[in-house]
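S.K.: Quick one: this structure, given as structure tokens, is what I'll be asking you about.
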Amino acid sequence: MIKVKICGVTNAQDALWAANLGADYVGLNFYPPSPRKISNRHAKELAAQIPPFVTLVGIFVDEPIESIAKLVKSVPLRTVQLHGHETPEACAAARALGVKVIKAIGVRQPLQPSDVEPYQDNVDFFLFDNPGDSLPGGTGETFNWEWLQAIPFVQKPWFLAGGLNPDNIADAIKQAHPPAVDVCSGVERLPTRKDYDAMKRFIQRVKSVR
């Protein structure tokens, strides 16, 4: 069954909604310029209320490994998502903290082996997203999902992201065949609040795909 990640969660209520609706991952954004940035204190409060079957993911953009290590010690993150220009060595250093690593790759053309090969040994997952032109990720815009149709060279599980919402997720899955999907703005009322009904429809549609 396809896994679902609800990203950019900023409060415990939205996180609990996501968990109760069947999300497998909840993403917390620690990138300061993001409108969805969550403080360390709120992240700890949120984490204390999340059931253990949901994986908390911390999203970072070109963050020094020392800062990531400090946060991993204070917040029970099981996975970190590196969404900037991190090198394979930076990914390996994050993995050495005892967490799993998702490396985000911006897709501007059909995916090539050279896009992922340097990272294969140093990450646990890839995430393929619309890179946008301003803030990393969170563009709310899709890319050509057919660019991911023939990627046997990707040796890790991966997430499809970028502009997904309840209305287009079925088509996205049919075209890209992802093992996991990531949604953020497509299930929001505001950048700081999720929409319960949109999350419910999104997760139900993902989980109904066979």
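S.K.: Any aspartates and glutamates with Cα under 14 Å of the Lys174 Cα? List them, leaving off those in the same chain fewer than 8 positions away.
M.R.: Glu146
S.K.: Return the distance in nm (one decimal) between the two label points of a simple spin-label model at Gln112 and Glu45, each offset 7 Å from Cα along Cα→Cβ.
M.R.: The modelled label-to-label distance comes out at 4.8 nm.
S.K.: Turning to a different aspect of this structure: Tell me, what is the percent relative contact order of region 3-207, built from C-alpha pairs under 8 Å that lie six or more residues apart?
M.R.: Contact order relative to length: 20 percent.
S.K.: Still on this structure, I have one more. Placing +1 on the Cβ of each Lys and Arg and -1 on the Cβ of each Asp and Glu in the chain, which of Pro76, Gln149, Ile59 has its Cα farthest towards the positive end of the resulting dipole?
M.R.: Most positive-ward Cα: Pro76.
S.K.: Now for a different question. Taking the Cα centre of the chain as the origin, how large is its charge dipole in debye, to the nearest 20, when only Lys and Arg (+1) and Asp and Glu (-1) carry charge on their Cβ atoms? Intermediate values should be presented prior to the final figure.
M.R.: On the way: 23 positive and 22 negative charges, 163 e Å.
That gives the chain a dipole magnitude of about 780 debye.
S.K.: Next question. Quick one: length gained pulling Met1 to His177 fully straight, 0.36 nm per residue minus the C-alpha distance?
M.R.: Taking 0.36 nm per residue and subtracting the Cα distance, the gain is 62.2 nm.
S.K.: Report the label-to-label distance for Arg193 and Glu141 in nanometres (one decimal), using points 7 Å from each Cα along the Cα→Cβ vector.
M.R.: 2.8 nm
S.K.: Rounded to the nearest 500, what is the 222 nm mean residue ellipticity of the chain from helices alone, with -39500 (n - 2.57) per DSSP H run of 4+ residues and division by all residues?
M.R.: -8000 deg cm²/dmol
S.K.: Could you calculate the contour length gain from Asp62 to Ser208, that is, 0.36 nm times the residue separation minus the distance between their Cα atoms, to one decimal place in nm?
M.R.: Numbers: separation 146, 0.36 × 146 = 52.56 nm, distance 3.60 nm.
Between Asp62 and Ser208, full extension yields 49.0 nm more.
S.K.: Kindly state, to the nearest 0.05, the FRET efficiency for Asp167 paired with Thr87, given R0 = 35 Å and r defined as their beta-carbon distance.
M.R.: On the way: r = 37 Å, r/R0 = 1.06.
Once the sixth-power term is evaluated, E becomes 0.40.
S.K.: Please figure out what share of the DSSP beta bridges in region 3-207 is antiparallel and state it in percent, rounded to the nearest 5.
M.R.: 5 percent
S.K.: Run the simple label-point estimate for Ala69 and Asn20 please: 7 Å along Cα→C-beta, distance reported in nm.
M.R.: Simple spin-label model gives 4.0 nm for this pair.
S.K.: Using a cut-off of 20 Å between alpha-carbon atoms, which aspartates and glutamates can reach Lys200, once sequence neighbours fewer than 8 places away in the same chain are excluded?
M.R.: Hits, sequence-local ones excluded: Asp14, Asp24, Asp167, Asp171, Asp182, Glu188.
Bear in mind that the values in this text are calculations on the coordinates, not laboratory data. Fair warning: this is a prediction, and the values are worked out from it, not measured in the lab. No Cβ is skipped: glycine too gets one built from the backbone with ideal geometry, and neighbour counts run over all protein chains shown.
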